[in-house]
Each structure stands twice: as structure tokens, then as C-alpha cells.
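Reading through the C-alpha cells given below for one structure.
The values are calculated or read from the model by the stated rules, or taken from the named source; none is laboratory data. These numbers come from a predicted model, not from an experiment. Here Cβ is always computed from backbone atoms with ideal geometry, including for glycine, and neighbour counts include all displayed protein chains.
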Amino acid sequence: MTLDPFPNLLSRAAGELEKQFSDLPAFESKADPAAMERVLEDVARRMGDNFPFFHPLYAGQMLKPPHPVARAAYALAMTINPNNHARDGGRASSELEIEAVQGIAGIFGWTEFLGHLTSSGTMANLESLWVAGQLAPGKRIVGSEQAHYTHQRISAVLKLEYASIAADHRGRMSLDALEVELRKGDVGTVVVTLGSTALGAVDPLDGILALRKRYGFRVHVDAAYGGYFRLIPENLDKPAQRAFEAISQADSIVIDPHKHGLQPYGCGCVLFHDPSVGRFYKHDSPYTYFTSKQLHLGEISLECSRAGASAVALWATQQLLPLVPGGEFARGLARSRAAALELDRRLRQDKAGRFQPLPAGAPELDIVVWKVNAETTERASDLAQQIFSACAARDLHLALVQLPSAWFEPAIKFEPQGSAANGARLVTCLRSVLMKPEHEAWLDRIWERLAEGCAEVMGGNRS
Ligand SMILES: *Cc1c(COP(=O)(O)O)cnc(C)c1O
């Protein structure tokens, strides 16, 4: 069994929960079990039309299966279905949210902060930039051209001007290009991505903080993908290590437990270093804030209803796998990182020289990206597509990404002004997100299928 390895976990815990309501008069559910079973069979059939995200041979997009304890805790909480907007709707789960978010802030060394869960990284970034706009109305937001695409959209929603900063050949924000924008004097906030979505690239946060001393601006760290890597700095190269070690000096941080934190979707998190930004959220909710004088999480959140079950699942996962350096959770991340380094090593050492990974220093986290060598950019893109399909036919699921072809031509000097967005030529590359701890143990089998897929498309040796 791989899909549901511990089916009894939930029913035992549900029995325990039920006991606590045993004083209530019994009532029967009217739902018809036979009819529900038929519908669920249909659901199972329909859900088969998916890539096998749960399996180690799925090594494509950012998809990591939730931990079994997260799934069980989520389902258990659903029997109550608490709403973490207010204590009236989710007393216990609000407490668990506060504790779970303290655990996450602890990764960054923050004990005093304001933070809560959100339904996604996008919502968490929206809150961060909304607060940034409240603090510096009319000032611009800037982020690297490899920053998540939603920052530009969020800025438009908030009616804040947004500008893209050129990235270097490994997808990291260029400090020179950033300084050009800073000199204009109207930058309110710099969005710093630690772990970009396409490449896992790590912006030079330490260098950006040095610029903050000179120019004065707010630093928002988008670590939706990469935040948990703060637990294993010793497994990263020096530049990424320095960036992650500087993260506690950020003004706000976003991290997605539903990316690397083993949670079901619907779990993002935003943290503000200065708790007093809570003043911007001030509002009255005429119908929800009556049962408690303590803070309701809805009083510090842009969203109203939020799934209490998300908080319960996160809390349970962090009880089992505490977010501490050297712990089992951190060791799982280290295994993902090791898998990426090993795949990258094999690609660079390919005897037939068929591949061109990103410049040395990549991968910075656990995402591997490589171009296929060919006479022309078009041919390289076409081969990547074909290898992608040949691997999928062998149950190995990879991903594709388009990058500026100049990144792969070392002769072309990096030009901070020459942004990829300005019509630069793109090449389709293969991409593999090795975010499951199991990927390390499966790397030989992943490589075997990749070698077979490449041999089918390009001919030649299987290794
Ligand atoms: C995934 C991601 C986001 C968006 O988060 P969602 O949870 O998908 O809304 C933002 N920034 C980065 C760097 C991401 O990887």
C-alpha cells in the first residue's frame, strides 16, 4: 500500500475525539452509505487521471505528498470543521495555529513577531505587500525577474508600481541591477526570493541587506519554496548559506508549509518581524468576536474564514517531526539536497557530453535544470520536449522550463541591464524538483530511466 499506508490511524483517533462529546444526545446521520460508496468509486476512477505525485518516480513539478500524520490530523479535524477566523469558530485549532506558527518562526530565530497561516503563498505574499504599501504608500515594489509571477499581479491589485530586476546566469537577483533602481530613490520594498520557483535560485539576501543600510527600504523574503532550507545551512554552498543565515533580518517572510512542509494544499504562512503592523488589520466583525477577549486570528488576517484543519495538520506534523536542525525533518531536506547534487553530478559527467546544466554553483537547493546540447536553440528545445515524453513513457515524470539561452553561453557576458523579459531568446530545458526525501534512494532508478529516455531520443550510450 502506498496511497493509504495507515488506514486505521484516523478511525482510532476519531473514536477518541468522539468520547469527548459523549454527553450529548445521540443523533443519526441521514447520509446513505451505499450511495456514498458508489460515488467514491467514481471519484477513485476520476482521480486516476493524474500523474503519480505520491511516487518517487514523480520528479517533475513542486509536488510533495502530505505526511500521513498530516492527512490523518486534517481528516480528524474535519469531523469538527473548525474555522480559524475566530475563537468562536475554532477555539482549539486557533491555539494549535499559534503554536505551529511559533514553530515556523523558530526556524528563523524569531520569538517576537506577528504571523499566521494563510490559504496559500500567494495570499501570504499579498498580505506582506499590502503591509509594505501601508507603510510606504506610493513607493515601488521590486523583485528579480525570477521572482514568482504573482508579485507583479499582487502589486497591480494593490495599485503599487512594480519593477523587475535582472537576474544573473543562475537566476539570482543582480545587486548591480538592483542598485540602479535604488538610486532612483522611490523603492519602498525589495522582494527577495530564497528558492525561486523555476530553479531554486537564492537571491543574495546578505548583499541586499547591506544595500538596505545605504538606501533604506523594506525587505520582504519570499521563501515560499525554500524557507525550510534554513534548517540545513551546512548542506548549502556558501552564497546560499549566507543568504539563509541573514533571513532573521528580514521585515517579513513567507513560507509555504504546503510546498516543503509535508502539508495538504491550503497552507501558507506569513510572518512580520514587527508585531505592531497588526494595527493595519484593525476592523470590527459585528458577529464573530464575542466568546473571547484573547486575540482572534481573524483580527490579524486579510482572509476571513480559514481552514482550522490546516493548522491542526501542521501542528501534528511538527509534533512528530520538530523543525529543528539535525532532526528527522531536516534530515529529509538534506536527502533531497543530496539527490539534486547527485543528479547534477551525473549530468555534468555524461560521457557523451549531451547535457549542459546551469553554470557551476547550481543547483542551490533541490531543483535541477539542464539544457540539452544541440546545434541550435530550437533543436535543444525540441530534444528536451522529446526526452520529457520518452521519460514519461517510462513512468519517470520530469518538468520543463524556459530560460534565456544566453545563460548557457558563457562567452556572453552577464549584462545587468539586459533583462530576459526584454525579448531575449529562450530555450526549453529539462527540470526536476527532487523534493521528496525518497528521491535520494531512488536516484539510480531515476537515472536509469532518464538514460534510457535520452538514448531513445538522441541515440548513443545509455550512460
Ligand atoms: C509557490 C510559490 C509562490 C506561490 O505560492 P502558492 O502557495 O502557490 O500560492 C510564491 N513564491 C514562490 C517562490 C513560490 O515557489
### Residue among A177, A163, A198 that is within 18 Å of the chain's Cα centre (by Cα) and surrounded by fewer than 24 Cβ atoms within 10 Å (Cβ to Cβ)
A198
### Summary
Given the conditions (1) surrounded by fewer than 18 Cβ atoms within 10 Å (Cβ to Cβ); (2) in contact (Cβ under 8 Å) with a residue 40 or more places away in the chain, every one holds for I300 apart from (1)
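Check region 115-134 and report whether any residue there is touching a Pro at 6+ places or on another chain (Cβ under 8 Å) and either within 17 Å of G261 (Cα to Cα) or part of a helix (DSSP H, G or I) (or both). Break it down into steps so the answer makes sense when it comes.
First, pick out the residues of region 115-134 that are touching a Pro at 6+ places or on another chain (Cβ under 8 Å): 117.
Checking the rest, the ones that are also either within 17 Å of G261 (Cα to Cα) or part of a helix (DSSP H, G or I) (or both) come to 117.
Yes, that holds for at least one residue.
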### Query
List, please: which pairs have Cβ atoms under 7 Å, are six or more places apart or on different chains, and start with a residue in region 390-407 that is under 28 Å from D444 (Cβ atoms) and in contact (Cβ under 8 Å) with a residue 60 or more places away in the chain and end with one that is assigned to a strand (DSSP E or B) and aromatic (F, W, Y)?
H397/Y58
### Summary
In region 146-159, anything within 21 Å of K184 (Cα to Cα), more than 13 Å from the ligand (Cβ to nearest atom) and either in a loop (DSSP other than H, G, I, E, B) or touching a residue at least 12 places away in the same chain (Cβ under 8 Å) (or both) is listed as S155, K159
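Does E299 qualify as being more than 23 Å from the chain's Cα centre (by Cα) and more than 16 Å from the ligand (Cβ to nearest atom)? Break it down into steps so the answer makes sense when it comes.
Working: more than 23 Å from the chain's Cα centre (by Cα): yes; more than 16 Å from the ligand (Cβ to nearest atom): yes.
It is true that E299 is more than 23 Å from the chain's Cα centre (by Cα) and more than 16 Å from the ligand (Cβ to nearest atom).
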### Query
Are any of the residues in region 270-285 touching a residue at least 12 places away in the same chain (Cβ under 8 Å), surrounded by fewer than 24 Cβ atoms within 10 Å (Cβ to Cβ), assigned by TED's automatic domain parsing to the domain that holds M123 and among the aliphatic types (A, V, I, L, M)?
yes
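Answer with yes or no whether L117 is surrounded by 14 or more Cβ atoms within 10 Å (Cβ to Cβ), within 16 Å of the ligand (Cβ to nearest atom) and closer than 29 Å to D251 by Cα.
Values: surrounded by 14 or more Cβ atoms within 10 Å (Cβ to Cβ): yes; within 16 Å of the ligand (Cβ to nearest atom): yes; closer than 29 Å to D251 by Cα: yes.
In short, yes.
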### Message
Criterion first (part of a loop (DSSP other than H, G, I, E, B) and surrounded by fewer than 10 Cβ atoms within 10 Å (Cβ to Cβ)) does P52 satisfy it?
### Response
no
### Query
Within region 409-439, how many residues turn out to be surrounded by fewer than 20 Cβ atoms within 10 Å (Cβ to Cβ) and either charged (D, E, K, R) or at pLDDT below 95 (or both)?
17
#### Entry: One residue from Q402, Q386 being surrounded by fewer than 21 Cβ atoms within 10 Å (Cβ to Cβ), touching a helix residue (DSSP H, G or I) at 6+ places or on another chain (Cβ under 6 Å) and modelled with pLDDT of 95 or more
Q386
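From the list S22, S29, S11, pick out the single residue that is surrounded by 10 or more Cβ atoms within 10 Å (Cβ to Cβ) and of a type in the set (S, T, N, Q).
Numbers: S22 fails: surrounded by 10 or more Cβ atoms within 10 Å (Cβ to Cβ); S29 fails: surrounded by 10 or more Cβ atoms within 10 Å (Cβ to Cβ).
Exactly one residue qualifies, and that residue is S11.
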### Query
A44 versus (1) within 23 Å of L10 (Cα to Cα); (2) crowded, with 18+ Cβ neighbours inside 10 Å: which is the lone unmet condition?
(2)
### Task
Could you check V254 against (1) in contact with a Phe, Trp or Tyr (Cβ under 9 Å, 6 or more places away or on another chain); (2) of a type in the set (A, V, I, L, M); (3) closer than 22 Å to D222 by Cβ and say which number it fails?
(1)
### Considering residues of region 327-384 that are among the basic types (K, R) and in a helix (DSSP H, G or I) only, the residue farthest from the chain's Cα centre (by Cα)
R379
